[in-house]
Each structure stands twice: as C-alpha cells, then as structure tokens.
Ligand code: MN
C-alpha cells in the first residue's frame, strides 16, 4: 500500500448566501486548484459551517430553480431542509440524514429550512455536493433517494473509530445510495486521540472536510474545523488522528474524464446541450412550481 499524500489544505473561504437560508463556503469549484476538471466527478461543494439562524416565521431558503445533468447530495448535520419539486414530490432532510437527488433530465425545485426548525431557530450545519452524471446517464429520469439514519451503514475502522457509509463500498460493506459511477461517500467519526487508517482507490479524486474537531493527517499536517483537504491521486492509504472529537466527511470518486459544459444550475457535456437546457427551462419543460 502506497501512502496517499495531501495535495492541499484549504481554509474555509469567505461565506456567501444561496437564497437567504444557506450561508456557505464554496470549496468546489471556485477555490484555486479545486476546479471541476481537477475535482472530476465532483462539480460543486457548498458547505454551510455551523451557524445560528434566529427564529423566523417565514422559512429561509432558496426559491424555485432548475437542475439538469447531475446529482445533488445534501447532508444535514444540524437543522433540517425541506424541499418541494415540480412533480409534486417533497420532503424533509432531517438531522443526520442525506438526500441524494438525481436531477438527470431536469427538475425544478426549491429548498428551505424545515418549518419547525425555522420557527424555533437554531444551529444549521449542512453540505451540498454536486456529483456529475456520466454522459450516458445525463438524461436519466429524476429521482430521490432519501437516506434516513437507519439506512446509513456503520463500519468499524481500525483504532476504534467508525465510518457512517452513505455511498460506495468500504471494507466489505455497501452504502445505501445507488450511484451512476463509482463514488465513496461517508463520514468518519473519531473520538479525541483515536487514530485510524483509510484505504482508498489510487487515481480517484479524494477529498475530506473536517466537519467537527480537528485532525492530523499522515502524522504530519493538522487541519482544523471546516477545513477542506484535497488528497493526491497517487497512493491509497493515509492516516487520520483526532486532536479532539472529530467528524470527517470523506468523498472519493472515479473521474469521468468527459467534456464538461457547466453553467448555473446545468452540467452538460457540450455548449449546445447547455443552450438546450436553458431553452427547456424557459419554455416550461421542467414543469411548474409555485414560488
Ligand atoms: Mn437546488
């Protein structure tokens, strides 16, 4: 097993708001060195670090917007996200839950703080990752995978740590989410002082987000809360040691190595397909959804 080294540790960039409910640090693609090509198959990562939202009668969020050609993966660490779409679907992503939405051929949706959370106010902490779809599956019918806590697979790791596996295979276990290309997506949970070893696939795009606590990687470099770590493609194995109780989001995916034409909420392979997506949106092909 060859050591996988750190390529880059990124401190959380200044926040911006998506709508009025998502106060996010954008790591992918706007951070230098984390563009869509390098991060293939990951297109975007918006990370809402833990933030207190005061009570509000009107749920904060982001109003009606389309997506086409990829998947959005939303993970709620604190607080809840409600969503509604143009096919009449909707639901709540509760604390500790994940929504894996395949936009595929196109959806229209809106995303808000869950209404009880919104009324009470509280800490909100979430991440949304956009995973590209292979060209062969870009027009797959839209669907949701609502991954509740009981579906997430607990995997024992060396050194008493454990992983909460959402997608992909790890140490003989299989995560609940189905994906269109090989993706590993999991949270690694370490108590203070614990050290563990991860073995991933050489050549994949591998990155970490320190969601809680702080960690030391390969017994050399420390990354604090809300920091993003890009690992080299080379190598397979690396160690994580928790300086204090830590949760580390791990994403690793096989690059698609296909042309990317991305603009706004659409991720296609060619400029012509992008234009087509805008035209479909303009002419109501994604359906109708009330603001
Ligand atoms: Mn959206």
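Every number here is computed from the coordinates shown, using simple stated rules; none is lab data. Quick caveat, the model's predicted, so the values are computed rather than measured. Please note: Cβ atoms are built from the backbone with ideal geometry, for glycine as well, and neighbour counts cover all protein chains shown.
Answer with yes or no whether residue 43 is assigned to a strand (DSSP E or B), away from the ligand (no atom under 13 Å from the Cβ) and at negative phi. In short, no. Scanning the range 257-272 for residues that are surrounded by fewer than 18 Cβ atoms within 10 Å (Cβ to Cβ) and over 13 Å from residue 29 (Cα atoms) yields 257, 258, 259, 261, 270, 271, 272.
Filtered by the rule that a residue be closer than 25 Å to residue 57 by Cβ and buried (at least 22 other Cβ atoms within 10 Å of the Cβ), the range 100-113 gives 109, 111, 112, 113.
Scanning the range 177-195 for residues that are crowded, with 21+ Cβ neighbours inside 10 Å and farther than 15 Å from residue 73 by Cα gives 188, 189, 190.
Scanning for something away from the ligand (no atom under 14 Å from the Cβ) and in a strand (DSSP E or B), does the range 53-63 turn up at least one residue? Scanning the range 53-63 turns up at least one residue that is away from the ligand (no atom under 14 Å from the Cβ) and in a strand (DSSP E or B).
Just one of the listed residues (71, 7) is away from the ligand (no atom under 12 Å from the Cβ), part of a strand (DSSP E or B) and in contact with a strand residue (DSSP E or B) (Cβ under 6 Å, 6 or more places away or on another chain), namely 7.
Across the range 74-123, which residue is farthest from the ligand (Cβ to nearest atom) among those that are more than 19 Å from residue 140 (Cα to Cα) and assigned to a loop (DSSP other than H, G, I, E, B)?
Ranking the qualifying residues of the range 74-123, first place goes to 121.
So which of 30, 49 is away from the ligand (no atom under 16 Å from the Cβ) and not in a strand (DSSP E or B)? So that I can check it myself, show each step before the final result.
Details: 49 fails: not in a strand (DSSP E or B).
Exactly one of 30, 49 is away from the ligand (no atom under 16 Å from the Cβ) and not in a strand (DSSP E or B), namely 30.
Listed here are the strands (runs of 3 or more DSSP E) enclosed by the range 163-282 that have at least 1 residues being over 18 Å from residue 36 (Cα atoms) and touching a strand residue (DSSP E or B) at 6+ places or on another chain (Cβ under 7 Å): 183-190, 195-199, 205-212, 215-217, 221-223, 237-242, 246-253.
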